[in-house]
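Just below is one structure, and these are the notes that go with it.
Just so it is clear, none of the values below were taken in a lab; they were calculated from the coordinates. Every value quoted in this text rests on a predicted model; they were computed, and no experiment measured them. We place every Cβ from the backbone using ideal geometry, glycine too, and count neighbours over all the protein chains shown.
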Amino acid sequence: MKRLLLLLLICSLFSPALLAQARRRGVGTTPEPATNFGDPLPRLTVANLTAFQNGAREFGDRKNINDGLGPVFNDVSCGACHNQPAPGGGSARNVTRIGTVTNGSYDPLTNLGGSLLQDRAIGPQQGSTHPYRPEIVPAAATIVARRRSTPLYGLGLIDATSDATFIALAASEAARGDGTAGRVNMVDNPAAGTKTVGRFGWKAQVPSLFRFAGDASLNEIGITNPQFPNENCPSGDCNELQFNPRPGLNATDVSIQSLADFMEYLAAPPRGAITADVTAGEQVFQRIGCAACHVESLQTAANSNPALDRVTYQPYSDFLLHDMGALGDGVVQESSTAREMRTAPLWGLRMINRYLHDGRAATLEGAIGAHDGQAAVSRNQFNLLNATDRARLLAFLRSL
């Protein structure tokens, strides 16, 4: 009798009803695809949805001089650069990174304004009496890199993935011994009190969404906050800050957390139609080695939030740094080198019309052709494809 009861208990644990309940909780499952770009994650609580909606308002809020805008900045809101095809998406807006090489090492030219150029400034039209001027590329800059605004869809899933997952992924890639292994960018994380795995940004230089939100608020909009309390000195001239109409902190951690909430609960992009050519194209993608870096699936760690708890997602990226040879942008951030770039996730690719970190490629063929360094073998394999396999591979990419 005891053995029978035990058998019934084991069967009940795997009953269709209980498995369906587990799927609804998101435990060890793939989330239901978003219906539209910009949708929230499935299985959010009412409180989560409220936080997402409040964050969306903060994300789209256009700052002005009374809010602390500037004095130098790149745009007036997060949504101004991340809006295609919906709030949280990317855009054609590029920002500029600068630097030079001094004694063999990357120099971000801090004394001239630092690595990130702010191409706008407050002035009389915004209510300032001081004629702040936009920054321009200084003559000393021998490195000038453009970086396009990337989509933010699905970032909460990436944020909820453990450091151990990325570290193990780097180790497994190294064990292949094929010359394509990536590595983690260990970056300062004040909230953790130590270095943790970077996963956001073109160089994987940012460790968390909260840090990402605070960084962008200061460096793109000019909004100081507890994580980043010091204004950028326009073109490196800190004397200019004596005329700043809104000195001190412009935002609290609450408003920064609101931005992070919006990104955390923003669903992964919906997938396009999966046809026979798309399925065959993914096989080509794997065969020529693209999947060595553009890893299809990852899983979030255990999480008290059901929407993020052990969820499998398909970003087509390992989020690791890879040596991209001539495709590297020359910029160094945290432990990255001038030639290294983070593997760009491919989900949502069908909504992008300019490719690579600087948008230089107008076609997918052009983007693949520009791959170099550790990606050169796959690039060369792509160039050898027959017309049928090439068309199938492109069909797959256009379905993402």
Legend entry - Relative packing of 134-140, 236-242, which averages over residues the other C-beta atoms within 10 Å, highest first: 134-140, 236-242
Legend entry - Taking N as its residue count, the alpha carbon Rg of the stretch 321-381 over 2.2 N^0.38 Å: 1.11
Inset, instruction - Compare the peptides 171-178, 307-314 by average per-residue count of other Cβ atoms within 10 angstrom and give them in order, highest first. - result: 307-314, 171-178
Inset, instruction - Could you please report the charge total around W202, scoring K, R as +1 and D, E as -1 over all other residues with beta-carbon less than 11 angstrom from its beta-carbon? - result: +3
Legend entry - Sequence-distant residues sharing a close amide H with F228 (under 5 Å, placed H): none
Inset, instruction - Work from the charge dipole of the chain (Cβ charges, +1 for Lys and Arg, -1 for Asp and Glu, about the Cα centre) and give the residue of G248, I274, A204 farthest towards its positive end. - result: I274
Inset, instruction - Alpha carbons only, please: Rg and Dmax for the stretch 228-384, in angstrom. - result: 20.4, 63
Inset, instruction - Using only alpha carbon pairs under 8 Å that are at least six residues apart, calculate the relative contact order of the chain and give it in whole percent. - result: 21
Legend entry - Options (1) 83, 50, 42; (2) 64, 58, 38; (3) 84, 52, 37 - which one matches Cα extents along the principal axes in Å as calculated here: (3)
Inset, instruction - Between beta-carbons, use under 11 Å as the cut-off and find the net charge around S336, counting Lys and Arg +1, Asp and Glu -1. - result: 0
